[in-house]
Amino acid sequence: QVQLVESGGGLVQAGGSLRLSCEVSGDTFTGYTVAWFRQTPGKERELTAYISGSLGLINYADAVKGRFTISRDIAKNTVYLQMNRLEPEDTAVYYCAARYYGPTPDIREYPHWGQGTQVTVSS
């Protein structure tokens, strides 16, 4: 059973930085695409970034391109989301999710989810 545990959320001022971590356990780490999604109250969960398992292909939502960086440490079975130049609009609960196959932005294709971590950006 694949398990994902997020950490690293918190409160930061606009313009600041945070790094989220997602530790994956229970199966071969490099077989999984890992994605970060975020959700604000009243809105649907939306893709922020993903990194594919075998090739490490990366994609970002337009709203975070140039500010966020997704990366992974295979030895630690961990995917990171480095968030720079944070804006109040980035305030959300951030979830990491995983799927065994190739990358996709479709949230319905991710069967494994973490519990979420709150990121709050004050203006």
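List of remarks:
- With contacts taken as Cα pairs under 8 Å and at least 6 residues apart, the chain reaches a relative contact order of 36 percent.
- Here the convex hull built on the C-alpha positions of the chain has a volume of 92 cubic angstrom per residue.
- Under 5 Å from the amide H of Arg72 lie the amide H atoms of Tyr80, each residue being 5 or more positions distant or on a separate chain, with H modelled from the backbone and absent for Pro and chain starts.
- Dipole magnitude of the chain, debye to nearest 20 (Cβ charges: Lys/Arg +1, Asp/Glu -1, about Cα centre): 140
- Across the range 63-74, rounded Karplus estimates of 3J(HN,Hα) from the backbone phi angles (6.51 cos²θ - 1.76 cosθ + 1.60, θ = phi - 60°) give 5, 10, 4, x, 10, 9, 9, 9, 8, 8, 10, 5 Hz, Gly and Pro being marked x.
- Taking every alpha-carbon pair under 8 Å whose residues sit at least 6 apart, the range 4-70 reaches a relative contact order of 21 percent.
- Expressed as a whole percent, the accessible area of the chain that falls on carbon and sulfur atoms is 47 (1.4 Å probe).
- Accessible area of the chain divided out per residue, in Å², using a probe of 1.4 angstrom: 52
- Longest to shortest principal axis, alpha-carbon extents of the range 1-44, angstrom: 37, 24, 14
The values are calculated or read from the model by the stated rules, or taken from the named source; none is laboratory data. What you see is a predicted model, and the numbers here were worked out from it, not measured in a lab. Cβ: placed from backbone, ideal geometry, glycine included. Neighbour counts: every protein chain shown. Note: areas computed on protein heavy atoms with side chains; ligands, DNA, RNA excluded. Shrake-Rupley method; radii C 1.70, N 1.55, O 1.52, S 1.80 Å.
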